[in-house]
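Engineer: One structure is given below, represented as structure tokens, and several questions about it will come after.
The values are calculated or read from the model by the stated rules, or taken from the named source; none is laboratory data. All figures in this text were calculated on a predicted structure; none of them were measured in a lab. All Cβ positions, glycine included, derive from the backbone under ideal geometry; neighbour counts span all protein chains shown.
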Amino acid sequence: MKSLRALAALTVGTMTVGSAFAGTTTAPAQKEVAPVEEEKPAVTGWVSFDLNSHFISYGSDVWGGGTSWGRGVFNPSGELTWASPIKGLSVVAGTWWDVNNNAPSTIGGYLQEVDVWAGLSYGYKDFSVTVLYQAWNYGGETEQILDVALKYANNNFLNPSLVIHNRVDPGAAEGGGGKNGTFFVPNISYNFKIWKFTITPSAALGLCTEDFHGGGGGYAYTALGLNGSVPIPYLPGNWELHGGVTYYNTNDVVIPNNVANNFVTGNIGIKLSF
């Protein structure tokens, strides 16, 4: 996460009063000094530690939680962004882990999955485009992904975005019988503040090609979310507490393996940005 910090320049003026013999006082002219913007750090990033009631991957309820919250997961994640010398162009790399005892692990212990990604992001004013290669390591195989994300970060226009999620190697998807394909996920959201809390309602729609989740193509899911975050002032650094709930409606023709078509998921976690 990039952060902009402006450093205000202080002008210390000498309050000299010229004692003119005629009884008048004059002050020397003050020259305006423009605020100096602090140089942005070359590398920024974040780490997050989350408890989730479900593991949902593009509408698929991976661990079969359904309407129950009894198959929860722990998901640590992190990302680094390097601002290149080319204005607006950044290099991104990150990782996400799935930790639980819902099934025997092929990696070791309770670690079920390790995902890594790397790519490029270019931003101009409120617009950004990000291209990421991802390797999802689970089930003794590697599912490979090429994502393209387009975003217009303007709250007045509901921050519209579109993720084009391309599976280029199925790995262990759908129990090893998965096929390559594409998901299209348009999303809108709105941010507002109540005291120190940032509240974000959102809505997303998932559309996919045939056989992506072992079923047909077309409408896959709708996700309606309500999330919030608040700074944690008692910890050193830029920490926040976040959480929320998301309602899912999924299409059993397109995603036939979900145990329920309508369910609610929950999340709570902490995040450090630097």
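Engineer: Among residues belonging to region 59-112 that are charged (D, E, K, R) and farther than 22 Å from A135 by Cβ, point out the one that is nearest to the chain's Cα centre (by Cα).
Structural biologist: Here the answer is D61.
Engineer: Quick check, is Y247 touching a helix residue (DSSP H, G or I) at 6+ places or on another chain (Cβ under 7 Å) and either farther than 25 Å from V114 by Cβ or aliphatic (A, V, I, L, M) (or both)?
Structural biologist: no
Engineer: In the set G175, G171, G206, which member is farther than 16 Å from N258 by Cβ and either in contact with a Ser or Thr (Cβ under 9 Å, 6 or more places away or on another chain) or not in a loop (DSSP other than H, G, I, E, B) (or both)?
Structural biologist: On inspection, the qualifying residue turns out to be G171.
Engineer: Now, a different point. Determine whether region 172-182 contains at least one residue that is small (G, A, S), more than 22 Å from G140 (Cα to Cα), surrounded by 18 or more Cβ atoms within 10 Å (Cβ to Cβ) and at pLDDT 95 or above.
Structural biologist: No, that holds for no residue.
Engineer: Does at least one position in region 191-200 carry a residue that is under 19 Å from V62 (Cβ atoms) and free of Cβ contacts under 8 Å to residues at least 40 places away in the same chain?
Structural biologist: For region 191-200, residues under 19 Å from V62 (Cβ atoms) and free of Cβ contacts under 8 Å to residues at least 40 places away in the same chain: absent.
Engineer: Taking the conditions exactly as written (in a loop (DSSP other than H, G, I, E, B), loosely packed, with under 14 Cβ neighbours inside 10 Å and aliphatic (A, V, I, L, M)), does L235 satisfy them or not?
Structural biologist: Considered against the rule, which asks whether it is in a loop (DSSP other than H, G, I, E, B), loosely packed, with under 14 Cβ neighbours inside 10 Å and aliphatic (A, V, I, L, M), L235 comes out as yes.
Engineer: What's the number of the condition G13 fails, among (1) assigned to a strand (DSSP E or B); (2) among the small types (G, A, S); (3) modelled with pLDDT under 95?
Structural biologist: (1)
Engineer: Looking at (1) touching a Phe, Trp or Tyr at 6+ places or on another chain (Cβ under 8 Å); (2) free of Cβ contacts under 8 Å to residues at least 60 places away in the same chain; (3) more than 22 Å from W63 (Cα to Cα), can you tell me which one T222 breaks?
Structural biologist: The single condition T222 does not satisfy is (3).
Engineer: Within region 240-260, is even one residue more than 17 Å from R71 (Cα to Cα), among the small types (G, A, S) and out of contact with any Leu (no Cβ under 6 Å at 6 or more places or on another chain)?
Structural biologist: Yes: region 240-260 contains one or more residues that are more than 17 Å from R71 (Cα to Cα), among the small types (G, A, S) and out of contact with any Leu (no Cβ under 6 Å at 6 or more places or on another chain).
Engineer: Looking at N191 and the list (1) under 23 Å from Q144 (Cβ atoms); (2) in contact with a helix residue (DSSP H, G or I) (Cβ under 6 Å, 6 or more places away or on another chain), which single condition is not satisfied?
Structural biologist: (1)
Engineer: Taking the options H165, H213, name whichever one is part of a loop (DSSP other than H, G, I, E, B), in contact (Cβ under 8 Å) with a residue 60 or more places away in the chain, of a type outside the set (F, W, Y) and out of contact with any Leu (no Cβ under 8 Å at 6 or more places or on another chain).
Structural biologist: Selected residue: H213, the only one of H165, H213 that is part of a loop (DSSP other than H, G, I, E, B), in contact (Cβ under 8 Å) with a residue 60 or more places away in the chain, of a type outside the set (F, W, Y) and out of contact with any Leu (no Cβ under 8 Å at 6 or more places or on another chain).
Engineer: Restricting attention to region 246-264, does a residue exist that is surrounded by 18 or more Cβ atoms within 10 Å (Cβ to Cβ), among the β-branched types (V, I, T) and part of a strand (DSSP E or B)?
Structural biologist: Within region 246-264, one or more residues are surrounded by 18 or more Cβ atoms within 10 Å (Cβ to Cβ), among the β-branched types (V, I, T) and part of a strand (DSSP E or B).
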